[in-house]
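Computed from the coordinates by the stated procedures, all read-outs in this text should not be read as laboratory data. Quantities reported herein were computed from a predicted structural model and do not represent experimental measurements. Every residue, glycine as well, gets a Cβ built from its backbone with ideal geometry; the counts of neighbours run over all protein chains shown.
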Amino acid sequence: MKLSISNIAWDSEYDNEMYSYISNHGFTGVEIAPTRIFSDKPYDHLNEAQEFARRLANQYSLTIPSIQSIWYGRTESMFGTETEKQSLIDYTKQAVLFAAAMDCKNIVFGCPRNRNIPGKEHLPAAIDFFNEIGNFAASNGTIMAIEPNPPYYNTNFINTTSEAFDLCRKINNPGIRVNVDLGTLIHYQESLDFINSEIDIVNHIHISEPMLAVIEQRDIHRDLKKLNYSRWFSIEMKNPHNLDTVKKVVNYVKESYNDL
């Protein structure tokens, strides 16, 4: 059972406190948003990223299983002009190298605002986009995992988990997999049995709520033991600006997953 939590759940001033807390409560990973660690041009800091990962391992026995918010601050569209698309491809390849520097095996492709699709006729362009990124990710020892985002995240592309699985199958690239998001499952009332049937292309699972709300106690958390899955579970929720709330979620998740 591998447990992690995204560092978007607390302010940077509490990083060391939270690293210590999760390490002492059975968590062995921390998922990071790159701009939370390096606010300016994060992918220019490969040596520093490597050192950051080393410090987490040495001081807290934590690894970095995943990175997210990889296009934070970018305004281009993957369906925009050729210049926009190439700019995002180049930037995403930098994110891959950043992940590889930290020996991180999962890169979440969420980026909802940047992926609105003008029409179904543009799907081949998306497949080409992901194939190029997938090839680069695989050659650098990591994986780009497509995350479904419901429309309330301001996107019309890859909203449901089913759509993420379908697209991943169409792409058929070893460097592209799916990031299952429990918030999306809850929103669409998708079943865990359905997830289990596609588990071979699941690379990462977010323990989340719709709209990234604070994690609630739900039966689905204990039911996850039914999945034939041995990779990472990672808490993802927006910052409640209350460290005690975050710690309570950590405790709840650890207790829920103790027997997994």
* Structure fact -> Per GNM of the chain with C-alpha springs under 10 angstrom, the most fluctuating residue out of 35, 83, 245 is 83
* Asked: Along the charge dipole of the chain, Cβ charges K/R +1 and D/E -1, which of 108, 227, 149 sits furthest on the positive end?
  -> 227
* Asked: Karplus couplings for the range 223-240 from phi (6.51 cos²θ - 1.76 cosθ + 1.60, θ = phi - 60°), rounded to Hz, Gly and Pro as x?
  -> 6, 4, 5, 6, 6, 8, 9, 10, 8, 8, 9, 10, 5, 10, 8, 6, 5, x
* Structure fact -> The exposure ranking of 117, 67, fewest beta-carbon neighbours within 10 Å first, is 117, 67
* To do: Quote the charge dipole size of the chain about the Cα centre in Debye, to the nearest 20; the model charges only the Cβ of Lys and Arg (+1) and of Asp and Glu (-1).
  => 320
* Spatial separation of Cα centroids for the range 222-247 and the range 126-163, in angstrom -> 21
* Asked: If the cut-off is a Cα-Cα distance under 26 Å, which lysines reach residue 225, setting aside same-chain residues fewer than 8 apart in sequence?
  -> 2, 105, 238, 247, 248, 254
* **Mean-position separation - Cα centroids, the range 34-54 and the range 59-116, in angstrom** => 13
* Based on Cβ point charges of +1 for Lys and Arg and -1 for Asp and Glu, what charge dipole magnitude is obtained for the range 31-177 about its Cα centre, in debye rounded to the nearest 20? -> 280
* Asked: If you average the sequence gap of Cα pairs under 8 Å that are 6 or more apart and divide by the length of the chain, what percent do you get for the contact order?
  -> 20
* Asked: Of the GluC sites (Glu not before Pro) in the range 178-260, which ones lie in a loop per DSSP and count no more than 16 other C-beta atoms within 10 Å?
  -> 216
* Asked: Considering only the other residues whose Cβ falls under 9 Å of the Cβ of residue 243, what net charge follows from Lys and Arg at +1 and Asp and Glu at -1?
  -> -2
